[in-house]
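Below is one structure, written out as structure tokens; comments come after it.
The values are calculated or read from the model by the stated rules, or taken from the named source; none is laboratory data. Keep in mind it's a predicted model, so treat the numbers as computed, not measured. Glycine also receives a Cβ, built like all others from the backbone with ideal geometry; neighbour counts cover every protein chain displayed.
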């Protein structure tokens, strides 16, 4: 799982954007939605998600609104912007290319390893 966490580091912003692209959500809700969508495979901690949300907001990729949920208690909801959608699309295209290349490399490595075992 440590390997997955390392891979996840560079993908946190696009992952968050893909989740808030569905509908506005507050931080803890984003964490839970990610766990639900991935069947618990990917998990983010609050200490990871909030700095990312702040960075995304500063870069104009999300906007936030404060909503009162109960008397004396509110939540900050995050929503993707048009700039955020454009960023998400570009990152998705890059990700698809990256995955295709790595898959080819891994498949070739597996085939070469299997061939050398048969000898």
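Only one of 68, 79, 86 is assigned to a strand (DSSP E or B) and modelled with pLDDT of 95 or more. Can you tell me which? Give the steps one after another, and end with the answer.
Values: 68 fails: modelled with pLDDT of 95 or more; 86 fails: assigned to a strand (DSSP E or B).
Matching residue, one of 68, 79, 86: 79.
Filter segment 24-51 for residues that are surrounded by 11 or more Cβ atoms within 10 Å (Cβ to Cβ), touching a residue at least 24 places away in the same chain (Cβ under 8 Å) and outside any helix (DSSP H, G or I) and give the result.
Passing the criteria: 24, 25, 26, 42, 44.
Looking only at segment 58-76, which residues are surrounded by 12 or more Cβ atoms within 10 Å (Cβ to Cβ) and closer than 23 Å to residue 10 by Cα?
Result: 59, 60, 61, 62, 63, 64.
Considering segment 68-89 alone, what residues qualify as being touching a residue at least 12 places away in the same chain (Cβ under 8 Å) and under 20 Å from residue 33 (Cα atoms)?
Start the filter on segment 68-89 by keeping residues that are touching a residue at least 12 places away in the same chain (Cβ under 8 Å), which leaves 75-81, 83-85, 87-88.
Residues satisfying the conditions are 75, 76, 77, 78, 79, 80, 81, 84, 85, 88.
Quick one: residue 40 ticks every box in (1) modelled with pLDDT of 95 or more; (2) at positive phi except a single one, so which number is it?
(1)
Please state which of the following conditions residue 55 fails to meet, knowing it meets all the rest: (1) out of contact with any helix residue (DSSP H, G or I) (no Cβ under 8 Å at 6 or more places or on another chain); (2) at pLDDT 95 or above; (3) under 21 Å from residue 9 (Cβ atoms).
(1)
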